[in-house]
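One structure is given below, encoded as C-alpha coordinates.
The values are calculated or read from the model by the stated rules, or taken from the named source; none is laboratory data. Note that the structure is a prediction, hence the values are computed from the model and not measured. Note that we place each Cβ from the backbone using ideal geometry, even for glycine, and neighbour counts take in every protein chain shown.
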Amino acid sequence: MIHFLTPYYKGDLGKAYNIAAELIPSNDWVCFIDADVMVLNSNFGDILQECIDKFGRQYPLMTCLTNRVAEPSQRLAGHLNENPSALYHKKMADKVAMNPPSVKEAPRPISGMLMLFPKWLWADLGGFKSGILGVDNDFHHKVVSSGRKVGVIQNLYVFHYYRLHKAVNDVTHLNV
(Lines give C-alpha, C1' and ligand atoms only; values in the text may rest on other atoms or scores of the structure.)
Protein backbone atom coordinates (compact mmCIF):
# COMPACT_ATOMS: atom_id res chain seq x y z
CA MET A 1 0.00 0.00 0.00
CA ILE A 2 1.10 3.58 -0.68
CA HIS A 3 0.18 6.32 1.81
CA PHE A 4 -0.09 9.80 0.26
CA LEU A 5 0.60 12.49 2.87
CA THR A 6 1.28 16.19 3.21
CA PRO A 7 2.42 16.42 6.84
CA TYR A 8 2.64 19.73 8.67
CA TYR A 9 4.16 20.74 11.98
CA LYS A 10 4.73 24.45 12.55
CA GLY A 11 8.40 25.28 12.08
CA ASP A 12 9.66 21.71 11.69
CA LEU A 13 9.04 19.77 8.48
CA GLY A 14 11.40 16.98 9.57
CA LYS A 15 9.35 16.43 12.72
CA ALA A 16 6.13 16.40 10.67
CA TYR A 17 7.60 13.76 8.35
CA ASN A 18 8.77 11.63 11.27
CA ILE A 19 5.42 11.78 13.08
CA ALA A 20 3.60 10.83 9.86
CA ALA A 21 6.02 8.04 8.91
CA GLU A 22 5.74 6.53 12.39
CA LEU A 23 2.02 5.91 11.75
CA ILE A 24 2.59 3.92 8.55
CA PRO A 25 2.57 0.09 8.71
CA SER A 26 6.08 -1.34 8.37
CA ASN A 27 5.68 -2.97 4.93
CA ASP A 28 3.96 0.00 3.27
CA TRP A 29 5.32 2.86 1.18
CA VAL A 30 5.09 6.57 1.97
CA CYS A 31 4.62 9.34 -0.60
CA PHE A 32 5.19 12.79 0.89
CA ILE A 33 3.86 15.52 -1.38
CA ASP A 34 4.33 19.24 -0.74
CA ALA A 35 1.16 21.31 -0.40
CA ASP A 36 2.10 23.36 -3.49
CA VAL A 37 2.30 20.33 -5.79
CA MET A 38 -0.55 19.46 -8.11
CA VAL A 39 -0.87 15.85 -9.18
CA LEU A 40 -2.20 15.86 -12.74
CA ASN A 41 -2.72 12.21 -13.69
CA SER A 42 -5.79 10.32 -12.53
CA ASN A 43 -3.70 7.12 -12.62
CA PHE A 44 -1.01 8.65 -10.39
CA GLY A 45 -1.18 5.80 -7.89
CA ASP A 46 -0.91 3.18 -10.64
CA ILE A 47 2.20 4.89 -12.04
CA LEU A 48 3.84 4.96 -8.62
CA GLN A 49 2.90 1.35 -7.84
CA GLU A 50 4.34 0.17 -11.14
CA CYS A 51 7.59 2.01 -10.39
CA ILE A 52 7.72 0.49 -6.91
CA ASP A 53 7.17 -2.99 -8.37
CA LYS A 54 9.77 -2.57 -11.13
CA PHE A 55 12.36 -0.28 -9.54
CA GLY A 56 11.72 -0.11 -5.78
CA ARG A 57 14.54 -2.47 -4.84
CA GLN A 58 17.06 -0.60 -6.97
CA TYR A 59 15.78 2.87 -5.97
CA PRO A 60 14.24 2.81 -2.48
CA LEU A 61 13.90 6.62 -2.58
CA MET A 62 12.20 8.07 -5.66
CA THR A 63 10.87 11.40 -6.80
CA CYS A 64 9.43 12.51 -10.14
CA LEU A 65 9.68 15.15 -12.86
CA THR A 66 8.30 18.63 -12.35
CA ASN A 67 8.50 22.16 -13.68
CA ARG A 68 10.08 24.18 -10.90
CA VAL A 69 12.88 22.94 -8.64
CA ALA A 70 16.57 23.73 -8.45
CA GLU A 71 17.73 20.21 -9.37
CA PRO A 72 17.81 19.91 -13.20
CA SER A 73 17.46 16.11 -13.17
CA GLN A 74 13.97 16.56 -11.71
CA ARG A 75 12.87 19.09 -14.34
CA LEU A 76 11.29 17.98 -17.59
CA ALA A 77 14.11 18.06 -20.18
CA GLY A 78 16.18 19.85 -17.52
CA HIS A 79 14.35 23.13 -18.11
CA LEU A 80 12.83 25.45 -15.50
CA ASN A 81 9.25 26.12 -16.59
CA GLU A 82 7.33 28.98 -14.99
CA ASN A 83 4.17 28.74 -17.08
CA PRO A 84 1.35 29.23 -14.51
CA SER A 85 -1.30 27.34 -16.49
CA ALA A 86 -2.43 24.09 -14.85
CA LEU A 87 -3.85 23.00 -18.22
CA TYR A 88 -0.44 23.43 -19.85
CA HIS A 89 1.16 21.27 -17.15
CA LYS A 90 -1.66 18.71 -17.45
CA LYS A 91 -0.70 18.29 -21.12
CA MET A 92 2.93 17.80 -20.09
CA ALA A 93 1.90 15.21 -17.49
CA ASP A 94 -0.23 13.32 -19.99
CA LYS A 95 2.60 13.30 -22.54
CA VAL A 96 5.16 12.04 -20.00
CA ALA A 97 2.75 9.36 -18.72
CA MET A 98 2.62 7.82 -22.22
CA ASN A 99 6.27 6.79 -21.82
CA PRO A 100 7.07 3.36 -20.45
CA PRO A 101 7.94 3.25 -16.76
CA SER A 102 11.55 4.18 -16.11
CA VAL A 103 13.68 5.64 -13.36
CA LYS A 104 17.02 7.45 -13.70
CA GLU A 105 19.48 7.83 -10.88
CA ALA A 106 19.46 11.30 -9.30
CA PRO A 107 22.98 12.74 -9.74
CA ARG A 108 22.60 15.25 -6.88
CA PRO A 109 20.35 15.68 -3.84
CA ILE A 110 16.70 15.85 -4.81
CA SER A 111 14.14 18.47 -4.04
CA GLY A 112 11.61 16.83 -1.76
CA MET A 113 8.48 18.22 -3.40
CA LEU A 114 7.56 14.53 -3.83
CA MET A 115 9.36 11.71 -2.03
CA LEU A 116 8.38 8.03 -2.33
CA PHE A 117 10.00 5.44 -0.07
CA PRO A 118 9.22 2.34 2.00
CA LYS A 119 8.73 2.81 5.72
CA TRP A 120 11.54 0.34 6.43
CA LEU A 121 13.99 2.74 4.72
CA TRP A 122 12.89 5.61 6.96
CA ALA A 123 13.31 3.39 10.04
CA ASP A 124 16.67 2.02 8.90
CA LEU A 125 18.07 5.53 8.33
CA GLY A 126 16.80 6.99 11.60
CA GLY A 127 14.20 9.24 10.01
CA PHE A 128 14.42 12.87 9.00
CA LYS A 129 16.47 15.58 10.67
CA SER A 130 14.61 18.39 12.42
CA GLY A 131 14.10 21.66 10.60
CA ILE A 132 12.54 23.17 7.52
CA LEU A 133 15.18 23.58 4.81
CA GLY A 134 17.46 20.76 3.75
CA VAL A 135 15.37 18.00 5.30
CA ASP A 136 14.97 16.35 1.89
CA ASN A 137 18.65 16.76 0.97
CA ASP A 138 19.75 15.26 4.28
CA PHE A 139 17.50 12.23 3.73
CA HIS A 140 18.92 11.84 0.21
CA HIS A 141 22.47 11.89 1.64
CA LYS A 142 21.52 9.25 4.22
CA VAL A 143 20.14 6.99 1.48
CA VAL A 144 23.25 7.35 -0.69
CA SER A 145 25.62 7.00 2.28
CA SER A 146 23.91 3.70 3.12
CA GLY A 147 24.86 2.37 -0.33
CA ARG A 148 21.41 2.76 -1.85
CA LYS A 149 20.27 4.73 -4.90
CA VAL A 150 17.85 7.62 -5.35
CA GLY A 151 15.83 7.76 -8.56
CA VAL A 152 13.74 10.16 -10.60
CA ILE A 153 10.62 8.60 -12.12
CA GLN A 154 10.61 9.54 -15.81
CA ASN A 155 6.95 8.83 -16.63
CA LEU A 156 5.42 10.97 -13.88
CA TYR A 157 5.25 14.77 -13.99
CA VAL A 158 3.63 17.03 -11.39
CA PHE A 159 3.06 20.79 -11.34
CA HIS A 160 5.08 22.48 -8.59
CA TYR A 161 3.52 25.89 -8.03
CA TYR A 162 6.15 27.20 -5.61
CA ARG A 163 5.66 31.01 -5.36
CA LEU A 164 4.76 31.54 -9.01
CA HIS A 165 2.20 34.13 -7.91
CA LYS A 166 5.07 36.24 -6.52
CA ALA A 167 7.15 35.95 -9.70
CA VAL A 168 10.01 34.53 -7.68
CA ASN A 169 12.29 32.88 -10.20
CA ASP A 170 15.26 32.10 -7.97
CA VAL A 171 14.73 28.51 -6.85
CA THR A 172 18.25 27.82 -5.57
CA HIS A 173 16.99 27.73 -1.98
CA LEU A 174 14.76 24.79 -2.93
CA ASN A 175 17.79 22.51 -3.00
CA VAL A 176 20.01 23.43 -0.09
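Quick notes
- Scan of the range 95-136 for residues that are part of a helix (DSSP H, G or I) and either touching an Asp or Glu at 6+ places or on another chain (Cβ under 8 Å) or surrounded by 19 or more Cβ atoms within 10 Å (Cβ to Cβ) (or both), ordered by number: V96, K119, L121, W122, L125, V135, D136
- Residue check, M92 within 21 Å of C51 (Cα to Cα), assigned to a strand (DSSP E or B) and of a type outside the set (D, E, K, R): no
- Considering the range 35-80, the residues that are in contact with a helix residue (DSSP H, G or I) (Cβ under 8 Å, 6 or more places away or on another chain) and among the polar types (S, T, N, Q) include one that is surrounded by the fewest Cβ atoms within 10 Å (Cβ to Cβ), namely N43.
- On the stretch given as the range 140-154, residues that are under 17 Å from R57 (Cα atoms) and part of a helix (DSSP H, G or I) total 5.
- The set of residues in the range 64-80 being touching a strand residue (DSSP E or B) at 6+ places or on another chain (Cβ under 7 Å) and either touching a residue at least 12 places away in the same chain (Cβ under 8 Å) or within 18 Å of L133 (Cβ to Cβ) (or both) consists of C64, L65, T66, N67, R68, V69, S73, Q74, L76.
- If the condition is being modelled with pLDDT under 95 and either among the polar types (S, T, N, Q) or in contact with a helix residue (DSSP H, G or I) (Cβ under 6 Å, 6 or more places away or on another chain) (or both), then the range 111-136 contributes S111, G112, I132.
- Qualifying residue in the range 44-66 (condition: at pLDDT below 95 and part of a loop (DSSP other than H, G, I, E, B)): no
- Of all residue pairs spaced 6 or more apart or on separate chains, those with beta-carbon atoms under 8 Å, a first member in the range 50-61 that is without any contact (Cβ under 8 Å) to a residue 60 or more places away in the chain and a second member that is part of a loop (DSSP other than H, G, I, E, B) are E50/P101; K54/P101.
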